[in-house]
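Trainee: What follows is a single structure, and I will ask about it in a moment.
The values are calculated or read from the model by the stated rules, or taken from the named source; none is laboratory data. No experiment lies behind these values; they were computed from the predicted model shown. Heads up, the Cβs are rebuilt from the backbone with ideal geometry, glycines too, and the neighbour counts pull from every protein chain shown.
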């Protein structure tokens with residue numbers, strides 16, 4: 001099949017239905033970090049399963065110690081490759097609620113964007129592939145290759161169920177290529193295919209001091225303040241020129257290839273425009289690297305939140321008994337989060353001030369991923385995206401992480417396609433998260449082409 005006119009008519013006729021179905025899923029507050037949302041997570045899993053089952057796919061829920069995995073598959077097509085679509089139905093917490101212009105789980109279209117928690121990360125992007133497969137089955141009655149779906153409910157919180165089940169379901173997930181839409185285009189009107197993701201190592205550090213909060217007037221100057229000790233540890237962890245000080249941290253870091261540097265220079269990235277977009281006066285980072293290189297191909301350290309002490313209204317003069325911070329390292333290919341944990345433990349043992357004790361809590365981690373930008377599947381995806389968005393895509397890396405992907409690639413031995421329909425300013429983890437309405441429709445259209453071009457580039 002090379003004439004997509006019948007499929008395009010179907011997509012055009014069902015635009016409103018496709019939007020209403022996304023709204024249904026967005027209304028479910030499936031927050032995996034919130035233990036009180038167990039029922040909502042199960043509701044979202046059932047919604048995805050029922051949607052796929054109604055289209056004629058074989059479907060099942062795979063239970064675990066947490067939100068169930070949704071698995072589905074179309075019929076096998078002998079001699080053709082198998083594609084596994086991975087995505088997630090869970091979302092980030094919506095806090096702080098007061099910064100949302102409309103309630104986070106009451107989706108609206110505003111300014112040409114679908115605004116709701118999970119709109120771009122990842123319900124909207126994931127659903128583009130569901131809608132395209134169902135369109136093929138309704139219009140053409142069969143796909144040119146087999147498509148499998150694995151949609152999980154803990155991507156935003158460590159993918160524990162999938163990690164636990166991966167070995168048991170490895171044969172079920174057998175495929176030639178994994179397709180994932182959980183990232184961004186390069187810029188508005190400029191689609192991209194991502195061939196690299198950074199990994200992550202996420203921790204909570206707690207600095208313990210006195211057995212209880214102390215009066216700062218009576219005891220100040222006699223004990224180490226855990227807040228100051230924490231600030232000192234965090235400050236010493238990275239130099240002013242952006243170098244991370246964990247022992248051996250850069251030993252396995254792969255330097256950026258000169259061909260990549262040249263390709264990224266051709267993207268005409270503007271530091272000034274990016275700073276304006278972010279609302280900052282200037283960009284900073286590791287000395288000796290461009291902004292794109294820092295974001296896509298260099299490891300980083302960031303502080304996400306500070307814990308403990310007095311944070312209420314007015315003043316309270318205490319020396320807190322403990323203070324903490326949530327931090328993470330973004331990792332580049334060849335860096336192992338387990339090794340980073342050992343490096344961090346050594347750093348903390350050497351930099352803890354006297355009079356306090358440091359507790360390190362390992363929350364989650366995952367390796368980075370690099371795909372072959374010149375594979376046969378990548379070429380098919382380039383053609384599909386170009387037709388879906390009517391613009392030739394560029395090849396980029398992405399600074400974010402999807403920790404389970406490296407494990408899935410290792411388990412299946414498959415290639416990976418990272419097809420992002422979102423935008424950099426979608427606010428995926430922020431208030432007023434959005435997803436461009438037209439990019440939702442373009443993503444569905446590109447996905448309908450994807451199955452055809454992957455099948456026809458399999459030889």
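Trainee: Within region 305-321, how many residues are surrounded by 14 or more Cβ atoms within 10 Å (Cβ to Cβ) and either assigned to a loop (DSSP other than H, G, I, E, B) or within 23 Å of the chain's Cα centre (by Cα) (or both)? Write out each step before concluding.
Mentor: If we filter region 305-321 for residues that are surrounded by 14 or more Cβ atoms within 10 Å (Cβ to Cβ), which is where we start, we get 306-309, 318-321.
Restricting the remaining residues to those that are either assigned to a loop (DSSP other than H, G, I, E, B) or within 23 Å of the chain's Cα centre (by Cα) (or both) gives 306, 309, 320-321.
So the answer is 4.
Trainee: How many residues does region 401-415 contain that are modelled with pLDDT of 95 or more and crowded, with 24+ Cβ neighbours inside 10 Å?
Mentor: Qualifying residue count, region 401-415: 0.
Trainee: Now for a separate question. At least 1 residues that are over 30 Å from residue 233 (Cβ atoms) and under 18 Å from the mean Cα position of the chain (by Cα) in each: list the strands (runs of 3 or more DSSP E) lying fully within region 159-209 that qualify. Write out each step before concluding.
Mentor: Details: elements: 177-180, 192-197, 199-208.
Fully inside region 159-209 and qualifying: 177-180, 192-197.
Trainee: If a residue has to be over 30 Å from residue 33 (Cβ atoms) and either in contact (Cβ under 8 Å) with a residue 60 or more places away in the chain or part of a strand (DSSP E or B) (or both) to count, how many in region 354-374 make the cut? If you could, list the steps in order and put the result at the bottom.
Mentor: Filtering region 354-374 down to residues over 30 Å from residue 33 (Cβ atoms) leaves 354-355, 372-374.
Now drop any that are not either in contact (Cβ under 8 Å) with a residue 60 or more places away in the chain or part of a strand (DSSP E or B) (or both), which leaves 354-355, 372-373.
Looking only at that region, the number is 4.
Trainee: Could I ask something else about it? Can you find even one residue in region 361-375 that is touching a strand residue (DSSP E or B) at 6+ places or on another chain (Cβ under 6 Å) and loosely packed, with under 14 Cβ neighbours inside 10 Å?
Mentor: For region 361-375, residues touching a strand residue (DSSP E or B) at 6+ places or on another chain (Cβ under 6 Å) and loosely packed, with under 14 Cβ neighbours inside 10 Å: present.
Trainee: While we're looking at this one, here's another question. Out of curiosity, is residue 47 surrounded by fewer than 20 Cβ atoms within 10 Å (Cβ to Cβ), assigned by TED's automatic domain parsing to the domain that holds residue 145, farther than 23 Å from residue 166 by Cβ and touching a residue at least 60 places away in the same chain (Cβ under 8 Å)? Walk me through it before giving the result.
Mentor: On the way: surrounded by fewer than 20 Cβ atoms within 10 Å (Cβ to Cβ): yes; assigned by TED's automatic domain parsing to the domain that holds residue 145: yes; farther than 23 Å from residue 166 by Cβ: yes; touching a residue at least 60 places away in the same chain (Cβ under 8 Å): no.
The answer is no for residue 47.
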